[in-house]
Amino acid sequence: MAKPNVITANRLTDGVVVYLAAEGQWTEAIANAQVAEGEEETKALETIAENAVREREVVGVYPMPVALVDGAVDPLSVRERIRAAHRTTLTKDWYDVPL
Amino acid sequence: MYRYDEFDHAFVRDRVAEFKDQVERRLSGALNEEEFRPLRLRNGLYLQLHAYMLRIAIPYGVLSSRQLRQLAMIARTWDRGYGHFTTRQNLQLNWVKLVDIPDVLAALADVEMHCIQTSGNCVRNVTADPYAAAAVDELEDPRPWCEILRQWSTLHPEFSWLPRKFKIAISGAAEDRAATAFHDIGLRIVKGPNGENGFRVLVGGGMGRIPYVGQEIRSFLPKEHLLSYIESILRVYNLFGRRDNIHKARIKILVNALGIDKFREEVEADWEATHKSAVDLPEDEKRRIMSYFAPPDLPPRPARDEAVAARRASDPAFANWYKHNVLAHRVPGYASVVISLKEPGRTPGDASSDAMDLVADLTERFGHDEVRVNYTQNLVLPHVAIADVPALYDALVPADLATGNNELLGDMICCPGLDYCNLANARSIPIAKEIAKRFEDPSRQEEIGQLRLNMSGCINACGHHHSGNIGILGVDKKGTELYQITLGGNPKDSASVGTIIGPGFRAEAVPQAIDTIVDTYIENRDEGESFLETWRRVGAAPFKEALYGAR
Ligand code: SF4
């Protein structure tokens, strides 16, 4: 079965990573992203997102596959985990290498 | 330092106004992203993983305290209070907002700075030896030549749309501290047949997917012909460089496809035909630019300072820092001081606004108002009286800016990698931090000695992994970050590209692999031998054996 998807982009005015949430809203919190199950639902969300590109709300829209872990959205790739974390690296810390 | 004249001021202000208008048109919808993208890139504005990234040009890595303070203010006001110094001696802000960019550019223009040509297929920021006008082994200050090239190349009509980006570095010293052999054009100031200074010209060096060490196109170029000769190189490149394949578009590919002899023939033929009528730099203009780079007035002082000697004898941390981060100066009683941005636990090359402010203050107090950005991602105060060094050190310690690891293993070059960069395949910052943790003990680094460790998050090689004595390249293997290790790279004289030592390592195994490599070096080295010398003598076998055993 196809993986569930959420739609992600960068907000035009400040570039911040956002996700398409309910009712065409965009959210910085991946937890609030609308999850599309299957191709048809993904297509429907993409149409909303493309409209938001025309409306100059967001840029660089794409669907990304996610897993649902106990109902919570889990980005599958390291890249998408980093994007979702909005993380700053100035802090003095040691990383746990596995993210 | 160079100061803008009226023309420069007006030019940069015009450019700010122009880009302000372009941003407004993007926000109003008059421009779509496709139309806007090349315009923003022309002004150093990228859209990265998390946000917009602004690359601010620091011409040949030279800043005044006023400029550094302004960068601190900009990062604090319009970003998250920090920036990242890069291997092009530039500063990148990671979280700026598009709507704020016109204000940021205006604030930069206030201190004679901009972001022009920090991106795009044009001549990028010319880099230089960070110890210019201070180093004991310097023949001539490269900065005026960098400035001449900067003015010549800015919006040069013929060379604004080259096949690919173009990087130039200049060193005026005996030791190459600007990695000139890894540039599209590398210039070394050398003595000519009649004792006069001129340029040894290297061409076709570069990193990236296919790394090359630059080759000599001319052993000696009289200084007065610099511009016309470089024009001829760029013209041949512009004509014959490939535009059909982005991976084959750099001049290094052309030079190696034609062979250096044929490439030289083309350049010399063009130069013969054009240089007599070309405008090489008028003498007045050269003198005007040179006059800005008169070294500060440094009255000679006693070479030995008793108080400093006593402090070194009594304070081991100070002594260790002094040994590595305080370098000889050509005027007795002075030194160049490296302010390390490589404190273990921090992202290499990152500096907070507070740190920038502090360094700006110290530059004013102790550094004759000049600070440099090293391509190895540290800051340098080139002219400090040795007697002032303890006070400078004491001011750096509480800010965690007094790590004594210049040119040691902890002084890693590290690109932003997957924590920021849209092109990245793997993270580099966390790996650098883990390695720093493993080698945190200064006595371990002391035992190892000088060692250049460079790391990139993808094959674009912004972290110069090819020229690291140890290089680490992050790759993506079916969704897993994997790290390929190269050994034997060298950015200095007798430059070389590192050799891949074997299969890559998973992230968590990298620090141990580096440890193993270092141990193998220590076991195999002869007395006083550097990592590179040992590698060149013993070859890959013992390292392979230690890393992979019977695998
Ligand atoms: S080397 Fe790759 S990952 Fe690192 S900054 Fe350059 S493009 Fe980004």
Under 12 Å, Cβ to Cβ, from B:Ala317 - net charge with Lys/Arg +1 and Asp/Glu -1: +1
Out of the chymotrypsin sites (Phe, Trp or Tyr not before Pro) in the range B:124-187, which ones are loop residues according to DSSP with at most 14 other C-beta atoms within 10 Å? B:Trp161
In terms of Cα to Cα distance under 24 Å, which lysines are near enough to B:Lys478, apart from those fewer than 8 places away along the same chain? A:Lys3
Answer rounded, prolate or oblate for the range B:413-548, using the Cα gyration tensor with square roots of eigenvalues a ≥ b ≥ c: rounded when a/c is under 1.5, else prolate when a/b is larger than b/c, else oblate. prolate
Report the label-to-label distance for B:Arg301 and A:Val69 in nanometres (one decimal), using points 7 Å from each Cα along the Cα→Cβ vector. 5.7 nm
Whichever aspartates and glutamates have a C-alpha closer than 13 Å to that of B:Lys167, once near sequence neighbours (fewer than 8 apart) are set aside: B:Asp184
Give me the base-10 log of I(q)/I(0) for the protein assembly as shown at each q in 0.06 Å⁻¹, Debye formula, one uniform scatterer per Cα, rounded to two decimals. -0.34
Given the pairs A:Lys92/B:Lys342; B:Lys323/B:Lys433; B:Lys165/B:Lys492, which span a C-alpha to C-alpha distance of over 20 angstrom in this model? B:Lys323/B:Lys433; B:Lys165/B:Lys492
Dipole moment magnitude, nearest 20 debye, the protein assembly as shown about Cα centre, only Lys, Arg, Asp, Glu C-beta charged: 980 debye
Inter-label distance, nm, simple model (7 Å from Cα along the C-beta direction), B:Ser28/B:Met290: 5.0 nm
Hey, if you put +1 on the Cβ of every Lys and Arg and -1 on every Asp and Glu Cβ in the range B:276-355, which of B:Ala309, B:Asn325, B:Ala335 ends up farthest toward the positive end of that dipole? B:Ala309
How many angstrom lie between the C-alpha centres of the range B:88-102 and the range B:247-324? 27 Å
Whole-Hz ³J(HN,Hα) from phi, Karplus 6.51 cos²θ - 1.76 cosθ + 1.60, for the range A:32-46, glycine and proline x: 8, 5, 7, 9, 9, 9, x, 5, 5, 5, 4, 4, 4, 5, 4
Debye, to nearest 20: dipole size of chain B, +1 on Lys, Arg Cβ, -1 on Asp, Glu Cβ: 1420 debye
To check my understanding: the extent here is largest minus smallest coordinate of the Cα atoms along each principal axis. What are those three numbers for chain B, in Å, largest first? 60, 59, 57
Under the Karplus relation 6.51 cos²θ - 1.76 cosθ + 1.60, θ = phi - 60°, what is the ordered set of whole-Hz ³J(HN,Hα) values for the range B:78-89, x standing for Gly and Pro? 10, 9, 8, x, 7, x, 10, 7, 10, 6, 9, 6
Cross-link reach from B:Lys97 to aspartates and glutamates, straight Cα distance under 17 Å and at least 8 residues apart if same chain, gives A:Asp14, A:Glu28, A:Glu57, B:Asp21, B:Glu24, B:Glu33, B:Asp79
Using each residue's phi in the range B:203-215, evaluate 6.51 cos²θ - 1.76 cosθ + 1.60 at θ = phi - 60° and report the 3J(HN,Hα) Karplus result to the nearest Hz, with x for Gly and Pro. 9, x, x, x, 9, x, 4, 10, x, 9, 8, x, 10
How big is the gap, in Å, between the Cα center of the range B:514-551 and the Cα center of the range B:379-410? 32 Å
Taking the convex hull of the alpha carbon atoms in the range A:5-85, what volume per residue do you get, in Å³? 79 Å³
Placing each pseudo-label 7 Å from Cα in the direction of the beta carbon, B:Glu175 and B:Glu527 end up separated by a distance in nanometres of 2.2 nm
One point scatterer per Cα, no solvent, Debye formula: log10 I(q)/I(0) for the range B:306-399 at q = 0.12, 0.13, 0.17, 0.23 Å⁻¹ comes out as -0.35, -0.41, -0.72, -1.31
Arrange the following residues from fewest to most other Cβ atoms within 10 Å of their Cβ: B:Cys115, B:Cys414. B:Cys115, B:Cys414
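Values in this text are rule-based calculations from the coordinates and carry no lab data. Note that this is a predicted model, so its numbers are computed, not measured. Reconstructed Cβ throughout: ideal geometry from the backbone, glycine too, with neighbour counts over all protein chains shown.
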